[in-house]
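Visitor: Let me begin by handing over the structure; questions about it come next.
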Amino acid sequence: MKFDGSLVPIIDLTPALTGDEAAMQAVAEQVGAAARSIGFLVVAGHGVPADVIDRAWEASRKVFDMSPVQKSRYRSTDKNIYRGYFGIETGNLASTIGEEEAKPDHREYFNIGRFDLDLDDPYFTSATAKRLFHPNIWPDADVPEFKPAMTAYYHELEKLAALLMELCARALHLPANWFADKIDKHITNMVVSNYPDQPEELEWGQLRAGAHTDYGGLTILKTEDKPGGLEVQTADGRWEPVPIVPGAFIINLGDLMAQWTNDEWVSTMHRVVNPPRDQGVGSRRQSLVFFHQPNYDAVIECIPTCAERVAPKYAKTTSLEHLEMKMNQMNDTPKFNEAEAL
């Protein structure tokens, strides 16, 4: 584990991919140290093929290069179907932490849900499942390569997320498969975000993405080194940039991991800031964000070993209950409601 001048450690996962028990445990201890201190880490040696990442990146860029009229073809008019294209200022991440006066986020994004479902499994055909597992909206007419590229990328990140969750279990000195039955039917959303150039100054207090914590178990982020980037809040309230390491992913813990561990591990506040005014043009920034969310019925309550020193802080909940609460807060914006009415 190294730090490269940042509070966020860089961890090489290569030893964990060998299957050697001692090597996996050594990597797990590094993950645990990052989880307890800052809640963020950068992982290299993750095993996701570079060509899969490149194709997803290039196809995503083409989606946001489309005209506004083209992009509007791929949005849902039903706010209960979180799929397809969402325009600038349709989301407000800071509202999920109670910032009632927060400005909407200056970003556009494209949402992709889980696919390739086993429809012979009642889990995927229940009344709850029908609210969650909607068909994806693909821009096939304009960017036909987007669907195959994102499908391949999503499947690779499913595998990486499973490895990371196993490392988390080992770091907590639980059985290696402790999380397995809680994520085997996960409800992960992947969000492709585009933060456009800022030739003009935004409204005071508006950011590319307001301060927030993520909602699920963990997040896997691929982004680029452009002016106006990701910052993480330290325990003493300072904002620090997260390093961009070529070929690596940024990982951060979400609320559910903090609740599982009784805050022994931290779901850290983070934001995406605006570029300096003299770098607003040419600051366009793209991110591929895999929000790994446990099974909709996964019970989230304090892991018994995390209640030995401090009594459980959180009431029992489920993955879906927490997610829907946060999503309703984020989407309560005028432009989100305008899009629904179209």
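Visitor: Filtering segment 274-309 down to residues that are touching a Phe, Trp or Tyr at 6+ places or on another chain (Cβ under 8 Å) and among the hydrophobic types (A, V, I, L, M, F, W, C), which residue is surrounded by the fewest Cβ atoms within 10 Å (Cβ to Cβ)?
Guide: Selected residue: 303.
Visitor: Same structure, new question: Does segment 18-26 include one or more residues that are surrounded by 21 or more Cβ atoms within 10 Å (Cβ to Cβ) and either among the aliphatic types (A, V, I, L, M) or without any contact (Cβ under 8 Å) to a residue 12 or more places away in the chain (or both)? Let's see the steps before the verdict.
Guide: Here is the first cut: in segment 18-26, the residues surrounded by 21 or more Cβ atoms within 10 Å (Cβ to Cβ) are none.
No: segment 18-26 contains no residue that is surrounded by 21 or more Cβ atoms within 10 Å (Cβ to Cβ) and either among the aliphatic types (A, V, I, L, M) or without any contact (Cβ under 8 Å) to a residue 12 or more places away in the chain (or both).
Visitor: For residues in segment 258-310 being of a type in the set (D, E, K, R) and in contact (Cβ under 8 Å) with a residue 40 or more places away in the chain, which is nearest to residue 32 (Cα to Cα)? Walk me through how you get there before you give the answer.
Guide: Taking segment 258-310 as the starting set, the residues that turn out to be of a type in the set (D, E, K, R) are 263-264, 271, 277-278, 284-285, 297, 301, 308-309.
Checking which are in contact (Cβ under 8 Å) with a residue 40 or more places away in the chain leaves us with 263-264, 271, 277, 284-285, 297, 301.
On the way: 263: 13, 264: 10, 271: 23, 277: 38, 284: 34, 285: 30, 297: 26, 301: 19 Å.
Among those that are of a type in the set (D, E, K, R) and in contact (Cβ under 8 Å) with a residue 40 or more places away in the chain, it is 264.
Visitor: Can you tell me which residue within segment 43-61, out of those that are of a type in the set (A, V, I, L, M, F, W, C) and in contact with a helix residue (DSSP H, G or I) (Cβ under 9 Å, 6 or more places away or on another chain), is surrounded by the most Cβ atoms within 10 Å (Cβ to Cβ)? Break it down into steps so the answer makes sense when it comes.
Guide: Narrowing segment 43-61 to residues of a type in the set (A, V, I, L, M, F, W, C): 43-44, 48, 50, 52-53, 56-57, 59.
After this cut, where a residue has to be in contact with a helix residue (DSSP H, G or I) (Cβ under 9 Å, 6 or more places away or on another chain) as well, the list is 43-44, 48, 52-53, 56-57, 59.
Values: 43: 28, 44: 15, 48: 19, 52: 16, 53: 20, 56: 26, 57: 16, 59: 20.
Restricting to residues being of a type in the set (A, V, I, L, M, F, W, C) and in contact with a helix residue (DSSP H, G or I) (Cβ under 9 Å, 6 or more places away or on another chain), the top hit is 43.
Visitor: Got a sec? Which of 243, 227 is surrounded by fewer than 20 Cβ atoms within 10 Å (Cβ to Cβ) and either out of contact with any strand residue (DSSP E or B) (no Cβ under 8 Å at 6 or more places or on another chain) or within 25 Å of residue 198 (Cβ to Cβ) (or both)? Working first, answer last.
Guide: Numbers: 243 fails: surrounded by fewer than 20 Cβ atoms within 10 Å (Cβ to Cβ).
Matching residue, one of 243, 227: 227.
Visitor: Okay, moving on. Kindly indicate which of 209, 162 is without any contact (Cβ under 8 Å) to a residue 24 or more places away in the chain and surrounded by 14 or more Cβ atoms within 10 Å (Cβ to Cβ). Give the steps one after another, and end with the answer.
Guide: Values: 209 fails: without any contact (Cβ under 8 Å) to a residue 24 or more places away in the chain.
That would be 162, the only listed residue that is without any contact (Cβ under 8 Å) to a residue 24 or more places away in the chain and surrounded by 14 or more Cβ atoms within 10 Å (Cβ to Cβ).
We did not get these values from a lab; they are worked out from the coordinates using the rules stated. No experiment lies behind these values; they were computed from the predicted model shown. For neighbour counting, all protein chains shown are included, and Cβ atoms are generated from backbone atoms with ideal geometry for every residue, glycine included.
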